[in-house]
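I have placed the structure first, in the form of structure tokens, so that the comments after it can refer back to it.
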Amino acid sequence: MLVFDGRCGFCTRSVGWVRALDRRGRIEQRPYQEPGVPESIGTDAATCAEAVQWRGPDGVRLEGAAAVNAVLDTVTGTRLPSTVYRATAGLQERVYQWVADHRGRFPGMTPYCESHPTECAGR
């Protein structure tokens, strides 16, 4: 399960790209603002607010750039993204953090929670 910030237009657009790449429907995407979602992957809303979260079929939870690479592994059906990540983790995490810190400045679309208000709690 991919858990993202449903109040972020850039995040919502990014999840849309994942959905488009995931032609086999292997990745469930949920906003962390949806009641029970953070707990279902073994974390809390505060952690989800800091970085995208991924809980794979193996039950392992990843966040940030590691999560993005695991999602890319799944949609491409290869281990190439995670292999590259292992060699460049420090750089990828710094870039991810910069993007996350400035995500409100990037173009996006209507945030998920605005277009699906009944699915999102008041978080």
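Quick rundown of the values:
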| quantity | calculated |
| --- | --- |
| Residues located in the stretch 98-123, provided they are among the acidic types (Asp, Glu) and touching a residue at least 40 places away in the same chain (Cβ under 8 Å) | Glu114, Glu119 |
| Residues (small (Gly, Ala, Ser) and farther than 14 Å from Val52 by Cβ) located in the stretch 69-97 | Gly77, Ser82, Ala87, Ala89, Gly90 |
| Filter result (outside any helix (DSSP H, G or I) and either of a type outside the set (Val, Ile, Thr) or within 12 Å of Glu50 (Cα to Cα) (or both)) within the stretch 98-116 | His102, Phe106, Pro107, Gly108, Met109, Pro111, His116 |
| Enumeration of residues in the stretch 8-50 that are touching a Leu at 6+ places or on another chain (Cβ under 6 Å) and either over 18 Å from Leu62 (Cβ atoms) or β-branched (Val, Ile, Thr) (or both) | Ile27 |
| Cβ-Cβ under 6 Å pairs, at least 6 apart or on other chains, the stretch 82-97 side under 12 Å from Val68 (Cα atoms), far side aliphatic (A, V, I, L, M) and at pLDDT 95 or above | Gln92/Ala65; Glu93/Ala65; Tyr96/Ala65 |
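The values are calculated or read from the model by the stated rules, or taken from the named source; none is laboratory data. This is a predicted model, so every value here is computed, not measured. Ideal geometry is used to build each Cβ from the backbone, glycine not excepted, and the neighbour counts take in all protein chains shown.
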